[in-house]
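Just below is one structure, and these are the notes that go with it.
The values are calculated or read from the model by the stated rules, or taken from the named source; none is laboratory data. Computed from a predicted model, the values in this text were never measured in an experiment. Ideal geometry is used to build each Cβ from the backbone, glycine not excepted, and the neighbour counts take in all protein chains shown.
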Amino acid sequence: MARIADAFAAVQASGRPGLVAYVTAGDPNLDRSAEILMTLGANGADVLEVGVPFSDPLADGPVIQRASERALKSGTTLRKTLEMIRRRRPQIAAPIVLFTYANPIVRMGEAAFACAAADAGIDGVLVLDLPVEEAGSFRQRLVDADMDPIFLLSPTTTDERIRQSAELGRGFLYVISRLGVTGARDRVAADAEPLVRRIRAHSDLPLALGFGISRPEHVVEIGRWADAAVVGSALVNVIAEHGASSDLIDRVGAYTRWLKGLS
Amino acid sequence: MTEFAPVFGARDPDARGYYGPYGGRFVPETLVAPVEELTAAYFRAREDEAFRRELMGLLRDYVGRPTPLYEARRLSASLGGARILLKREDLAHTGAHKINNALGQALLAARMGKRRIVAETGAGQHGVATATACALLGLDCHVYMGAEDMTRQSLNVFRMRLLGAEVIEVNAGARTLKDAINEAMRDWVTNVTTTYYLLGSVLGPHPYPLMVREFQSVIGNEARAQCLAQFGRLPDAIVACVGGGSNAMGIFDAFVADTGTRLVGVEAGGRGIRSGDHAARFAGGSAGVLQGTRSYILQDDDGNVELTHSISAGLDYAAVGPEHAWLRDIGRAEYTWIDDKDALAGFQRLAREEGILPALESSHAVAHACRLAPSMPRESLLLINLSGRGDKDVLSIQEALR
């Protein structure tokens with residue numbers, strides 16, 4: 001099972017820019033999240049990133065902080081998120097990457113988590129506050145359970161650490177386009193392209209660029225020099241605005257097609 | 001007089017910043033390189049005679065160190081047990097031990113060429129100390145503070161602004177210290193090329209727990225020498241309050257090898273040990289990862305961090321410094337808690353029997369010492385780290401006593 005590698009191979013074959021779509025699980029509630037994930041996959045998202053809500057999301061900007069608060073208020077936990085994905089997995093073709101802070105996994109136990117995540121059909125796991133130096137045993141558990149450990153690289157990452165992450169990472173590398181927290185911006189960071197080229201010198205893994213991506217022009221631009229763009233806060237904004245409305249799913253679908261350039 | 005200096009390089013964690021299974025560097029990728037750069041700069045600075053001399057000069061002439069070791073005779077007599085000694089950090093410039101660390105780190109920031117400083121504060125004492133150090137060194141100071149703490153420590157908010165700092169209100173979560181740290185870290189990750197994060201306790205990613213403990217180790221180093229000089233022997237027990245745990249680590253450090261001296265940390269029992277009502281991590285917590293370090297934290301079954309409560313803003317925090325967790329595991333230090341009511345009683349007792357208004361944080365240590373002293377022999381020595389003075393707390397105490 002190599003859904004992530006297959007998805008990036010398909011992106012490359014299509015000649016279109018890849019799209020990784022992030023949503024916070026449980027925002028506005030887990031049933032809606034399941035529908036949202038199916039809609040994202042059906043409307044052009046190549047990889048789905050599912051955020052686990054956490055009480056202290058210190059790497060996130062206000063939009064995802066609020067989403068995390070709404071999700072926690074709706075009773076969402078790591079276990080319930082995995083359970084929702086396990087039940088809906090057969091209806092979703094796209095690879096699913098879990099995007100989380102370390103503590104929910106630490107609390108659950110690395111072994112119990114790896115078992116439950118593999119059982120749910122999770123394809124990759126990205127832990128925001130678990131740099132390669134701290135990831136040793138956890139990375140091995142993921143690999144043993146046939147899931148991809150995904151590492152982040154940032155403008156501050158040294159070449160030595162890029163090499164290390166490229167060697168230990170699987171599936172793809174997540175490139176943080178700018179210093180700071182998550183959040184939609186008007187333009188792609190000017191330093192992003194040289195950063196991607198710097199990483200390319202050390203790795204053949206697909207590169208997905210995130211932080212600040214909000215428009216189809218960004219996706220096209222990034223597609224010229226990276227494999228995929230990650231859209232998070234901008235999509236979460238759509239859910240925040242229309243979460244209670246009956247046409248939420250249609251809006252998410254339309255927004256995804258717009259980002260992917262399909263509309 | 002080397003005994004009146006901070007102790008550097010005597011008890012380092014391992015190369016990855018671990019104290020047993022606690023500590024480490026659980027930070028977002030963007031902060032890894034800056035934290036490595038900070039570690040290298042700190043290790044160079046602490047070896048540098050010029051840096052140490054500059055810090056020593058400020059500790060002596062600006063902070064007013066050494067702070068006295070004072071025997072509280074009336075309190076000792078009324079308790080009828082051990083002789084109570086107070087390490088008077090309340091007499092340090094700005095009114096608490098926090099200045100020892102703020103000056104050390106501000107000097108380091110200037111040395112690293114970072115002129116913009118961000119800090120978090122709970123009770124406001126670390127914020128005031130940072131604002132003070134920045135005013136002294138001409139650095140640009142931004143302090144994040146929870147809205148709830150800004151209300152209960154309004155005097156300190158005003159003091160920081162008088163010192164030229166910008167105080168930024170944080171409205172996330174319970175609007176206290178933890179939320180202020182999240183926001184300070186978000187600022188740091190965004191402005192990391194120009195900005196130094198001046199963390200106020202023995203928390204966060206390596207090297208902060210080590211660096212803050214070493215800057216605070218001047219407390220214990222002085223107290224140990226003073227105790228030997230004034231009483232001819234070491235104390236039998238030391239009691240200190242523990243929020244993040246910087247004043248406690250600062251005084252414990254010099255005594256870790258003196259196994260005849262009991263080391264006792266006092267956490268905030270708040271309204272009692274029920275979820276959301278206290279901040280006693282060792283009484284109600286478990287191992288976890290929060291804000292860059294692995295330690296004991298108050299969390300639910302799903303790994304979300306629980307709300308905390310304490311009458312004292314400086315102890316109202318969900319995690320404890322990793323080295324405390326380690327000292328507890330190996331049995332070198334013990335930890336207990338004092339609730340809001342007893343802390344207030346400790347405050348009043350020290351006020352009436354010694355003419356000293358302790359900070360509400362330090363009042364927890366006073367209250368526990370009042371419990372401990374009667375069970376100890378009359379000639380034994382019980383040392384309290386009086387980490388700060390209570391002027392900042394008089395309004396909330398007035399409220400609580402109403």
Report, by residue number, each residue of the range A:70-83 that is on the phi > 0 side of the Ramachandran plot and away from every other protein chain (no Cβ under 12 Å). none
For the range B:273-315, give me each residue that is within 14 Å of chain A (Cβ to nearest Cβ), among the hydroxyl-bearing types (S, T, Y) and buried (at least 22 other Cβ atoms within 10 Å of the Cβ). B:T293, B:S295, B:Y296, B:T308
Within the range A:130-171, work out how many residues are of a type in the set (D, E), over 19 Å from A:A201 (Cβ atoms) and within 11 Å of another protein chain (Cβ to nearest Cβ). 2
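Let's see how each residue does on (1) more than 12 Å from chain A (Cβ to nearest Cβ); (2) touching a residue at least 60 places away in the same chain (Cβ under 8 Å):
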residue	(1), (2)
B:L155	yes, yes
B:F158	yes, no
B:V167	yes, no
B:T176	yes, yes
B:D179	no, no
B:A229	yes, no
Reported set for the range A:132-165 where residues are within 21 Å of A:G223 (Cβ to Cβ) and not in a loop (DSSP other than H, G, I, E, B) is A:L152, A:L153
When (1) among the aliphatic types (A, V, I, L, M); (2) more than 10 Å from chain B (Cβ to nearest Cβ); (3) touching a residue at least 40 places away in the same chain (Cβ under 8 Å); (4) surrounded by fewer than 24 Cβ atoms within 10 Å (Cβ to Cβ) are applied to A:L98, the one that fails is (4)
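Going through A:R66, A:R86, A:R107 one at a time, which residue ends up being charged (D, E, K, R), touching a residue at least 40 places away in the same chain (Cβ under 8 Å) and either surrounded by fewer than 24 Cβ atoms within 10 Å (Cβ to Cβ) or more than 12 Å from chain B (Cβ to nearest Cβ) (or both)?
Checking each option against the conditions leaves just A:R66.
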Please report, ordered by residue number, the helices (runs of 4 or more DSSP H) entirely within the range B:165-261 with at least 1 residues that are at pLDDT below 95, crowded, with 20+ Cβ neighbours inside 10 Å and among the basic types (K, R). B:177-190
Answer yes or no: is there a residue in the range A:171-192 that is charged (D, E, K, R) and in a helix (DSSP H, G or I). no
Residue that is under 18 Å from the mean Cα position of the chain (by Cα), surrounded by fewer than 24 Cβ atoms within 10 Å (Cβ to Cβ), within 30 Å of A:Q12 (Cα to Cα) and more than 10 Å from chain B (Cβ to nearest Cβ), where the choices are A:G44, A:G51: A:G44
Looking at (1) surrounded by fewer than 19 Cβ atoms within 10 Å (Cβ to Cβ); (2) touching a residue at least 60 places away in the same chain (Cβ under 8 Å); (3) among the aliphatic types (A, V, I, L, M), can you tell me which one B:A40 breaks? (2)
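I'm trying to understand the selection: among the residues of the range A:181-194, which are within 11 Å of chain B (Cβ to nearest Cβ) and in contact with a Phe, Trp or Tyr (Cβ under 7 Å, 6 or more places away or on another chain)? Walk me through how you get there before you give the answer.
Kept after step one, since they are within 11 Å of chain B (Cβ to nearest Cβ), are these residues of the range A:181-194: A:181-183.
Within the range A:181-194, A:T182 is the sole residue that qualifies.
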Selection from the range B:327-344 of residues crowded, with 16+ Cβ neighbours inside 10 Å and either of a type outside the set (K, R) or within 22 Å of B:I311 (Cα to Cα) (or both) yields B:L327, B:A333, B:Y335, B:T336, B:W337, B:I338, B:D339, B:D340, B:D342, B:A343, B:L344
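Yes or no, residue by residue, for (1) within 14 Å of chain A (Cβ to nearest Cβ); (2) without any contact (Cβ under 8 Å) to a residue 60 or more places away in the chain:
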position	(1), (2)
B:Y19	no, no
B:Y22	yes, no
B:R25	yes, no
B:M56	no, yes
B:G80	no, no
Checked A:R163, A:R170, A:R198 against criteria (surrounded by fewer than 18 Cβ atoms within 10 Å (Cβ to Cβ) and either in contact with a helix residue (DSSP H, G or I) (Cβ under 8 Å, 6 or more places away or on another chain) or in contact (Cβ under 8 Å) with a residue 60 or more places away in the chain (or both)); the one match is A:R198
Just need a number here: residues in the range A:232-252 that are touching a residue at least 60 places away in the same chain (Cβ under 8 Å) and either of a type in the set (D, E, K, R) or outside any helix (DSSP H, G or I) (or both). 3
With the requirement that a residue be touching a residue at least 24 places away in the same chain (Cβ under 8 Å), over 18 Å from the mean Cα position of the chain (by Cα) and within 21 Å of A:T256 (Cβ to Cβ), what does the range A:201-223 give you? A:V220, A:E221
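Considering only the range A:7-17, I want to know if a residue exists there that is under 30 Å from B:G276 (Cα atoms) and either of a type in the set (A, V, I, L, M) or touching a residue at least 40 places away in the same chain (Cβ under 8 Å) (or both).
For the range A:7-17, residues under 30 Å from B:G276 (Cα atoms) and either of a type in the set (A, V, I, L, M) or touching a residue at least 40 places away in the same chain (Cβ under 8 Å) (or both): absent.
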